[in-house]
Amino acid sequence: MKFNIFLCGLSSFVFSTVAWGLSEYREFRPRTLEVSAETQYFSSNKNYDSNGKSVALLYDNSYSLIQAPFGARYIFSPHFSMRGGVEISMAESKNADPFYRGNRSNSAIDEVSAGTDYLMFDWSGWQLVTDLDVRMGLIGISNTTDEVMTHEGVTTITPSVQLQTASESFEILGNVGYRYRTGGRADLVPWAVNAGLVFGSFSFGAELAGQQSIGQDADKGTTASELAREIAVLRANGGSYRFYGINPSYMEAAGFARFRGDTWKTSIFGGTTLSGTNYAEGIFVGVNVTLAFDFGSASYMTPAKKRRSAPAEPEEEFRPSTNDGVDQNLFKPIAKPPPKKSATKKSTYQNVPAAPVQEQLDEAEMIIELKRKKK
């Protein structure tokens, strides 16, 4: 399969999880399954040598790589999750060296991974997350390797910690870890600092990340072994140190944009290496999509006061059951009688039309006189 056909086909089928490319804010939604994939393209025609100097590959050689990890993460509780994944990669090297002239391409399922993360504490909006990541290379690399390299070909075990905070308007996080590598490779200290601004369902930001070698590669200091590594890299990768470098270190910068829905999120990112030693200098772009299947009651990505927290459910008003066969009228409050109006003495002349005072006095005298005559 041609490299460009593979690139177009793979770029049209993308979806993603805990990002392999950039660090992300860790969310803990109980009983949520995240299913995801990521596609990242890397291109290089230079290396950083052992002194950190940028050096072009010989004979205008070049190296390019596509990595497509697929995975899933299940969140068991507000503090704990587990994940697993597999990575498919394809690489191509263009080599004009007179001894190894020709282009090489290779594609493979080259890695399986498993991991877990745990939310240690959440205090005043700041969270500390611990992580354990284990990755197993399925295709080994040696000094006799002839195919272009798609992976380091070793098993890595990486414990790390991440400090993070988020609100409705921003995200900030930083992480650091220790990566043990088999095969006599130097161990690494990976790190990253990431910050972004949030505008509703859209956010954008930047990341500064890298890794630093600690200890010594088994081949370091042995001239014959170092030369054999150099020849293997030249033959397979066109001289690029993207993989199989001795004591590699690098620092890179990237920008990203992210879109979020109720049950999905998509990230687009790109960046470049800034410095390094025994590592490839290049640029990269990628896309990441996550689908969430919520088996709980909370909406996966609905903003709340803390943007990543589950929205608070309104308290239900207490209503007593009235379907128990008892006449509920017995329990109705007794209506209070209306207040009695103050008694007013009715005038004897209540129905007599109003008249001047003098006429009323004359009429009264006439009535008294008539009563006397009757007696």
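Only one of S124, S113, S93, S169 is more than 25 Å from N45 (Cβ to Cβ), surrounded by 17 or more Cβ atoms within 10 Å (Cβ to Cβ) and of a type in the set (G, A, S); which?
S113
What pairs come up if the first residue lies in region 175-203 and is at positive phi, the second is part of a strand (DSSP E or B), and their beta carbons are under 9 Å apart, counting only those six or more places apart or on different chains?
G183/G137; G183/T155; G200/R260
Please go through region 274-286 and pick out each residue that is surrounded by 22 or more Cβ atoms within 10 Å (Cβ to Cβ) and under 23 Å from D217 (Cα atoms).
G276, N278, Y279, A280, E281
If you scan region 241-260, which residues turn out to be small (G, A, S) and over 20 Å from A218 (Cα atoms)?
A253, A254, G255, A257
Does V129 satisfy the criteria of being closer than 30 Å to A218 by Cβ and at pLDDT 95 or above?
Against the criterion (closer than 30 Å to A218 by Cβ and at pLDDT 95 or above), V129 does not qualify.
Give Y74, Y63, Y118 a once-over and let me know the one that is open to solvent by less than 20 Å² (accessible area, probe 1.4 Å), in a strand (DSSP E or B) and in contact with a Ser or Thr (Cβ under 7 Å, 6 or more places away or on another chain).
Result: Y63 is the single residue among Y74, Y63, Y118 that is open to solvent by less than 20 Å² (accessible area, probe 1.4 Å), in a strand (DSSP E or B) and in contact with a Ser or Thr (Cβ under 7 Å, 6 or more places away or on another chain).
For A19, indicate whether it is assigned to a strand (DSSP E or B) and either modelled with pLDDT of 95 or more or among the aliphatic types (A, V, I, L, M) (or both).
For A19, the condition - assigned to a strand (DSSP E or B) and either modelled with pLDDT of 95 or more or among the aliphatic types (A, V, I, L, M) (or both) - is not met.
Which of the residues belonging to region 100-110 are open to solvent by 30 Å² or more (accessible area, probe 1.4 Å) and free of Cβ contacts under 8 Å to residues at least 24 places away in the same chain?
Within region 100-110, R101, N103 qualify.
Restricting to region 202-243, name every residue that is of a type in the set (V, I, T) and either assigned to a helix (DSSP H, G or I) or open to solvent by 70 Å² or more (accessible area, probe 1.4 Å) (or both).
Of everything in region 202-243, those that are of a type in the set (V, I, T) and either assigned to a helix (DSSP H, G or I) or open to solvent by 70 Å² or more (accessible area, probe 1.4 Å) (or both) turn out to be T223, I231, V233.
The values are calculated or read from the model by the stated rules, or taken from the named source; none is laboratory data. Treat the numbers as computed from the prediction; the structure is a model and nothing was measured. Every residue, glycine as well, gets a Cβ built from its backbone with ideal geometry; the counts of neighbours run over all protein chains shown. Surface areas here come from the heavy atoms of the whole protein model, side chains and all, with no ligands, DNA or RNA. Shrake-Rupley method; radii C 1.70, N 1.55, O 1.52, S 1.80 Å.
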